[in-house]
Amino acid sequence: MLNYRLQDKVAIIGLDDGKANAVGHGFVDAMTEGLDRAERDAAAVVITGREGVFSAGFDLKEIAKGAQERTELVNRGAAMLLRLFCFPQPLVVASAGHAIAAGALVLLAADTRLGAAGDFKYGLNETAIGMSLPPFGMEMAKCRLSKRHQTQAILQAQLYDPNTAQEVGYLDQVVAAQELETQAIEQATALAELPSAAYAGTKLDVRRDYIDRIAASLA
């Protein structure tokens, strides 16, 4: 699941389960291990997913096992997303495909988001599948998505192609698929040159109100 490597000051965390990269316990474990290593080894991080699908969201097979299993997985996923949202180092995501539900939340939790051009979809589809967006997802969406698009994106479960996803706020840049990882690493390398303490502190300052509300919901 985890492919971790270090390139100069940048840790590349590759997540690929060979399927839809659903956010299950294996995904959370791999992300946690990658972030732990990156905090020790690197000055910035790039997260990549599977070609064609960054992540399809929470593992619905795990969710369907029962209330206890659902609660455990969602709580672990929420903690992972909050850690990404607060991560002290510059955090760049390179999405080579679909990013839906919890997969889209990983993008919203990151700092810089690059997406491959192609027939891919981005969005929060919870309403469409009869679910409510949990508080941690709602706060990240309100923080990062364009206010003009929030009703459509959050309430009406609209899914977007990469170019529109950039306009809405899921992505910062759309690039050719063959250039995606290279450009992500280049941007992370540039961000790694910023003073680390100032970067970490300013990130917390910018996101403080959202972080506090997420933390309170998880307490």
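The values are calculated or read from the model by the stated rules, or taken from the named source; none is laboratory data. If you're wondering where the values come from, they're calculated on a predicted model, not measured in any experiment. With ideal geometry, Cβ positions are generated from the backbone for all residues, glycine too; neighbour counts draw on all protein chains shown.
Go through the residues of the range 106-117 one by one and say whether even a single one is among the small types (Gly, Ala, Ser) and touching a Gly at 6+ places or on another chain (Cβ under 6 Å).
Looking only at the range 106-117, we keep the residues that are among the small types (Gly, Ala, Ser), and these are 109-110, 115-117.
Okay, now just the ones that are also touching a Gly at 6+ places or on another chain (Cβ under 6 Å), so none.
No, every residue in the range 106-117 fails to be among the small types (Gly, Ala, Ser) and touching a Gly at 6+ places or on another chain (Cβ under 6 Å).
Listed here are the residues, each with its yes/no results for (1) in a helix (DSSP H, G or I); (2) touching a strand residue (DSSP E or B) at 6+ places or on another chain (Cβ under 7 Å); (3) on the phi < 0 side of the Ramachandran plot; (4) surrounded by fewer than 13 Cβ atoms within 10 Å (Cβ to Cβ).
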position: VAL174; (1), (2), (3), (4): no, yes, yes, no
position: ALA188; (1), (2), (3), (4): yes, yes, yes, no
position: ALA197; (1), (2), (3), (4): yes, no, yes, yes
position: ARG208; (1), (2), (3), (4): yes, no, yes, yes
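Which condition from (1) at pLDDT below 95; (2) over 27 Å from ALA153 (Cβ atoms) is the one that LEU60 breaks?
Among (1) at pLDDT below 95; (2) over 27 Å from ALA153 (Cβ atoms), the lone unmet condition for LEU60 is (2).
Considering the range 58-74 alone, what residues qualify as being touching a Leu at 6+ places or on another chain (Cβ under 7 Å) and more than 23 Å from GLY14 (Cβ to Cβ)?
ILE63
Within the set of pairs 6+ apart or on separate chains, which have a first residue in the range 26-42 that is in contact (Cβ under 8 Å) with a residue 60 or more places away in the chain and within 13 Å of ILE12 (Cα to Cα), a second that is surrounded by 19 or more Cβ atoms within 10 Å (Cβ to Cβ) and among the small types (Gly, Ala, Ser), and C-beta atoms under 7 Å apart?
ALA42/ALA11
Every residue, every condition in (1) closer than 28 Å to ALA219 by Cα; (2) in contact (Cβ under 8 Å) with a residue 12 or more places away in the chain, yes or no:
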site: LEU124; (1), (2): yes, yes
site: THR127; (1), (2): yes, yes
site: GLY130; (1), (2): yes, no
site: GLU139; (1), (2): yes, yes
site: ARG144; (1), (2): yes, yes
site: GLU167; (1), (2): no, yes
site: VAL175; (1), (2): no, yes
site: GLU181; (1), (2): no, yes
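Is at least one residue of the range 161-169 surrounded by 14 or more Cβ atoms within 10 Å (Cβ to Cβ) and in contact with a helix residue (DSSP H, G or I) (Cβ under 6 Å, 6 or more places away or on another chain)?
Looking for residues that are surrounded by 14 or more Cβ atoms within 10 Å (Cβ to Cβ) and in contact with a helix residue (DSSP H, G or I) (Cβ under 6 Å, 6 or more places away or on another chain), one finds at least one in the range 161-169, hence yes.
Only one of (1) closer than 21 Å to PRO134 by Cβ; (2) in a helix (DSSP H, G or I); (3) small (Gly, Ala, Ser) is not met by ALA20, so which one is it?
With (1) closer than 21 Å to PRO134 by Cβ; (2) in a helix (DSSP H, G or I); (3) small (Gly, Ala, Ser) applied to ALA20, the lone miss is (2).
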